[in-house]
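Taking it in order: structure first as structure tokens, then the write-up.
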Amino acid sequence: MTMNRYESHVYVIPEDDRDRQIAVGFIDHHKVQHPRIQVMPVAGGWRNVLKTFQDEYIQKLRDYAKGHVVMLIDFDGDFDERRAEFEQAIPDDLKARVFVVGPEYTPEALKNEVNKSFERIGAALADDCDAGTMALWGHEQLKHNDSDRERLVQTVKPFLF
């Protein structure tokens, strides 16, 4: 089934294959509405995620008012500076529909700390979103995402779960 761009939908732009696996684990959750979310090809680095967003998704979001974008990146221990760069690049008229989330360091570090596969990490994050809990989102490697996570859950939960 393909995504209907005229209904509420989400594009996920993963930085690398590990982030893609997390996203796939999320969308494979039994309560996630598959036609409403699509994991895009790996961008190949956080700067490429931002470039892909600017080159392709700004116009898509302007063309399709019910579209949303999640940029899934590794913050590599540089949250404040990296977050500021993304924040500056997101046009004001789209800020409510764009989210930047990811582990504080790398998906590998998160995987080692929680002892789960990347796909199971994604599924656990979906569980939290569905149930309104913070079992994994509250982890030290993910808690810096709180503001975007809250906005994301409020925005997409009504149509994604």
Quiz item: Across region 42-66, what is the total count of residues that are farther than 20 Å from GLU7 by Cα, part of a loop (DSSP other than H, G, I, E, B) and out of contact with any strand residue (DSSP E or B) (no Cβ under 8 Å at 6 or more places or on another chain)?
Solution: 2
Exercise. Being open to solvent by 40 Å² or more (accessible area, probe 1.4 Å) and more than 13 Å from the chain's Cα centre (by Cα) is the filter here, so list the residues in region 36-54 that pass it.
Key: ARG36, PRO41, GLY44, ARG47, ASN48, LYS51, GLN54
Quiz item: Name the residues in region 59-77 that are surrounded by 14 or more Cβ atoms within 10 Å (Cβ to Cβ) and over 22 Å from LEU160 (Cβ atoms), would you?
Solution: ASP74, PHE75, ASP76
Practice problem: Identify the residue in region 78-92 that is out of contact with any strand residue (DSSP E or B) (no Cβ under 9 Å at 6 or more places or on another chain) and without any contact (Cβ under 8 Å) to a residue 24 or more places away in the chain and, among all such residues, is surrounded by the fewest Cβ atoms within 10 Å (Cβ to Cβ). | Solution: ASP92
Quiz item: In region 116-150, which residue that is of a type in the set (D, E, K, R), assigned to a helix (DSSP H, G or I) and open to solvent by 70 Å² or more (accessible area, probe 1.4 Å) is nearest to TYR105 (Cα to Cα)?
Solution: LYS143
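The values are calculated or read from the model by the stated rules, or taken from the named source; none is laboratory data. Owing to the predicted nature of the structure, the values given are computational and were not obtained by experimental measurement. FYI the Cβ positions are ideal-geometry reconstructions off the backbone, even for glycines, and counts take in every protein chain you see. These area figures cover heavy atoms from the full protein model, side chains too; ligands, DNA and RNA do not enter into them. Shrake-Rupley method; radii C 1.70, N 1.55, O 1.52, S 1.80 Å.
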